[in-house]
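Before any comments, here is the structure.
Any read-out appearing in this document is the output of simple, stated calculations on the displayed coordinates, not a laboratory observation. Fair warning: this is a prediction, and the values are worked out from it, not measured in the lab. Don't worry about glycine lacking a Cβ; one is built from the backbone with ideal geometry, like all the others, and counts go over all protein chains shown.
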Amino acid sequence: MVLLEFSMSPLGKGESVGKFVSRSLDIVDKSGVAYRLNPMGTVLEGDWDEVFGVVKQCYERMKKDCGRISCSIKVDYRKGAKGRLYGKVASVEKRLGRKLKT
């Protein structure tokens, strides 16, 4: 299974790009892929082709009306591991003996 964190935004569209980011989140949410939104990006969990397929859909939508796009992607693969989207945080919280801000 793969955890993929990505952040994609257009360049040259002004200071606020929420309109464009929200369109990507609509694609992510409707994809059926497990995800977790954070203030700086979105983390997806699934197989390689599945998660990169979602990123590609976001890119294809954004390029329709954006001449330049910035995208950062970070990938963590672990054979056989599932449920890491929440499990990794739970593991750290267990070690600390307390809940963290997420």
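Contact map, region 63-82: residues that are more than 21 Å from G18 (Cβ to Cβ) paired with residues that are surrounded by 12 or more Cβ atoms within 10 Å (Cβ to Cβ) and among the acidic types (D, E), Cβ distance under 7 Å, separation 6+ or inter-chain. Pairs shown: K74/E5.
Listed by position, the helices (runs of 4 or more DSSP H) inside region 1-101 whose residues that are acidic (D, E) number at least 2 are 18-31, 48-62.
Table: residues versus (1) touching a residue at least 24 places away in the same chain (Cβ under 8 Å); (2) among the polar types (S, T, N, Q); (3) within 18 Å of G83 (Cβ to Cβ).
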residue	(1), (2), (3)
G14	no, no, no
I27	yes, no, no
G32	no, no, yes
V43	yes, no, yes
V51	yes, no, yes
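Determine, yes or no, whether V55 is in contact with a strand residue (DSSP E or B) (Cβ under 6 Å, 6 or more places away or on another chain), without any contact (Cβ under 8 Å) to a residue 40 or more places away in the chain, surrounded by 12 or more Cβ atoms within 10 Å (Cβ to Cβ) and aliphatic (A, V, I, L, M). Let's see the steps before the verdict.
Values: in contact with a strand residue (DSSP E or B) (Cβ under 6 Å, 6 or more places away or on another chain): yes; without any contact (Cβ under 8 Å) to a residue 40 or more places away in the chain: no; surrounded by 12 or more Cβ atoms within 10 Å (Cβ to Cβ): yes; aliphatic (A, V, I, L, M): yes.
Against the criterion (in contact with a strand residue (DSSP E or B) (Cβ under 6 Å, 6 or more places away or on another chain), without any contact (Cβ under 8 Å) to a residue 40 or more places away in the chain, surrounded by 12 or more Cβ atoms within 10 Å (Cβ to Cβ) and aliphatic (A, V, I, L, M)), V55 does not qualify.
Comparison of V55, V43, V17 shows that the only residue that is over 12 Å from the mean Cα position of the chain (by Cα) and at negative phi is V17. So, in region 84-99, of the ones that are touching a residue at least 12 places away in the same chain (Cβ under 8 Å) and not basic (K, R), which residue ends up surrounded by the fewest Cβ atoms within 10 Å (Cβ to Cβ)? Checking each candidate, the answer is Y86. The lone criterion from (1) among the basic types (K, R); (2) surrounded by 12 or more Cβ atoms within 10 Å (Cβ to Cβ); (3) touching a residue at least 40 places away in the same chain (Cβ under 8 Å); (4) closer than 20 Å to L11 by Cβ left unmet by R36 is number (4).
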